[in-house]
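Okay, so here's the structure we're looking at.
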Amino acid sequence: MDDIVKQALAKWPNVPDCYGWLGLDARGRWYLRDDATQAAGPFPQSRGQLLEHDKLIAFIARNYESDAEGRWFFQNGPQRVYVELEATPWIWRVQPDLTLLSHTGQVAEGSDALVDAQGRLYLATALGVGLVHSMDVALAADAVESGRWPLQEVLASDLPARYRYVPSPQAWRAGRLEVGESR
């Protein structure tokens, strides 16, 4: 977490949390979701505005964490902005040496590969579970076939409970989801 964010938290400790205003899609892109976008429907059906400002994206990435309930958020100064997830909390880019680079720039090592009924590939790591970016599935498949990452079949709907994350903190807050339950 950035020092300036820590300072803001210390100065203003009681700023209300923000829900529904930020979304992360299955390709690791961030979306801002204003009131009109939220009123049009849940994420990802109603995405909002794609963030394209490199410094803002980097700031979000440096301050992206989860809380004890498994809700992922961006700490924006003193305000916690909870993230609506299209798929998983992490989106992995598979590197040529088979290390993983998250959508936030963190490096991880895959331990298990998971495939759902739609053929989407997920990798479990010490950081948590993430969806493999669609452009990297072929490279990841080579690693699975070589035995580097043991493959298991899963139901995508089981991943939130298994890896303890909340896909929609906004729905969770409204009482429409239990911890680990997906939409």
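Before moving on, here are some points about what is shown:
- Checking the stated criteria, Leu155 turns out not to satisfy the condition of being surrounded by 20 or more Cβ atoms within 10 Å (Cβ to Cβ) and either outside the structural domain of Asp17 (by TED's automatic domain parsing) or modelled with pLDDT of 95 or more (or both).
- Total residues in segment 125-151 satisfying the condition of being under 22 Å from Gly28 (Cα atoms), in a strand (DSSP E or B) and touching a helix residue (DSSP H, G or I) at 6+ places or on another chain (Cβ under 8 Å): the figure is 2.
- Looking only at segment 18-41, residues that are surrounded by 17 or more Cβ atoms within 10 Å (Cβ to Cβ) and not hydrophobic (A, V, I, L, M, F, W, C) come to 9 in all.
- Residue count, segment 45-85 (criterion: touching a Phe, Trp or Tyr at 6+ places or on another chain (Cβ under 8 Å) and free of Cβ contacts under 8 Å to residues at least 60 places away in the same chain): 10
- Residue in segment 154-166 that is over 30 Å from Asp17 (Cα atoms), in contact (Cβ under 8 Å) with a residue 24 or more places away in the chain and in contact with a strand residue (DSSP E or B) (Cβ under 9 Å, 6 or more places away or on another chain) present: yes
The values are calculated or read from the model by the stated rules, or taken from the named source; none is laboratory data. Fair warning: this is a prediction, and the values are worked out from it, not measured in the lab. FYI the Cβ positions are ideal-geometry reconstructions off the backbone, even for glycines, and counts take in every protein chain you see.
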